[in-house]
Amino acid sequence: MVAIDGPAGAGKSAVSRRVAAELGVPFIDSGMFYRAVAWLGLEEGVASDDVVRLVEIATRPRLRIAGEKIFFEDRDLTADIHRPEINDNLSAISQVAAVREAINRRQRRLAESGVVMAGRDIGTVVFPDTPHKFFLTASLDERVRRRLAQKERRGEQADADEMEREIADRDVADSTRLVAPLKPAPDAVIIDTDGLDLDQVVAKILEQIRR
Ligand code: DC
């Protein structure tokens, strides 16, 4: 079990995907669960403080991850969960302890056979006992640049100022929430990825794991 945490745009997904491939285990992006609960809640008109209904959504057996996609019943939600209109709901539901606990249980079940999991609280809360914990950081400027490039590759439009605001807002929401705030575990290896390319970050992590 390898935990890779950090703020939005620090490169967690790209790095985790590569580390998982090198180790021959699945990569799980834990943010997909939070996003899917936020999306389905929005779609079904559930208030972001309706804990009972949100937990019901988070525990649905028909909500499932397959590779890097997430499905509810036969519907692929992967594109919808990245739409900007979920952002307010996403920050709100990420603060609900009971929703987090429901998602944590699913994450622990998925990891039984060994995975690389990326998120905000994987090393601090979900798998505090794993010896392999990494915390990726990068400056806000660099993270905005990476997210813009990612959008461009997908053929989507993005405004730099708006992207900077969105990431900065999410940094504040993720780091200041009372439950499972974004922070490095005391025993995490912190990697500042400014000025490092993907290969260099992956190499650092693999070297540390193999040590
Ligand atoms: O990684 P991401 O940007 O897709 O995550 C979206 C949001 O989900 C993030 O801003 C907060 C929440 N999240 C969380 O609270 N804990 C995690 N382990 C992963 C994501």
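Test ALA102 against the criterion of being of a type in the set (Gly, Ala, Ser), crowded, with 18+ Cβ neighbours inside 10 Å, closer than 30 Å to GLY41 by Cα and in contact with a strand residue (DSSP E or B) (Cβ under 7 Å, 6 or more places away or on another chain), and give yes or no.
Here the answer is no, as ALA102 does not meet what is asked.
Just a yes or no: is a residue in the range 54-66 over 27 Å from THR124 (Cβ atoms), among the β-branched types (Val, Ile, Thr) and either surrounded by fewer than 17 Cβ atoms within 10 Å (Cβ to Cβ) or more than 14 Å from the ligand (Cβ to nearest atom) (or both)?
No.
Conditions: (1) in a helix (DSSP H, G or I); (2) open to solvent by 30 Å² or more (accessible area, probe 1.4 Å); (3) within 15 Å of the ligand (Cβ to nearest atom). PRO128 meets all but one. Number of the miss?
(1)
Filter the range 138-154 down to the residues that are open to solvent by less than 50 Å² (accessible area, probe 1.4 Å) and in a loop (DSSP other than H, G, I, E, B), then identify the one that is farthest from GLU164 (Cα to Cα).
ALA138
Among the candidates ALA111, ALA102, which residue alone is among the aliphatic types (A, V, I, L, M) and closer than 19 Å to ASP5 by Cβ?
So the residue among ALA111, ALA102 that is among the aliphatic types (A, V, I, L, M) and closer than 19 Å to ASP5 by Cβ is ALA111.
Take the conditions farther than 27 Å from LEU23 by Cα and not in a loop (DSSP other than H, G, I, E, B) and apply them to ILE191. Does it pass?
For ILE191, the condition - farther than 27 Å from LEU23 by Cα and not in a loop (DSSP other than H, G, I, E, B) - is not met.
Got a number for residues in the range 199-209 being within 18 Å of the chain's Cα centre (by Cα) and surrounded by fewer than 17 Cβ atoms within 10 Å (Cβ to Cβ)?
So the count comes out to 0.
Considering ARG17, ARG35, which residue is within 14 Å of the ligand (Cβ to nearest atom), buried (at least 20 other Cβ atoms within 10 Å of the Cβ) and within 16 Å of the chain's Cα centre (by Cα)?
So the residue among ARG17, ARG35 that is within 14 Å of the ligand (Cβ to nearest atom), buried (at least 20 other Cβ atoms within 10 Å of the Cβ) and within 16 Å of the chain's Cα centre (by Cα) is ARG35.
The values are calculated or read from the model by the stated rules, or taken from the named source; none is laboratory data. In this text the structure is predicted, and so the values were computed from the model without any measurement. Note that each Cβ is placed from the backbone with ideal geometry, even for glycine, and that neighbours are counted across all protein chains shown. For accessibility, only protein heavy atoms count, side chains too; no ligands or nucleic acids. Shrake-Rupley method; radii C 1.70, N 1.55, O 1.52, S 1.80 Å.
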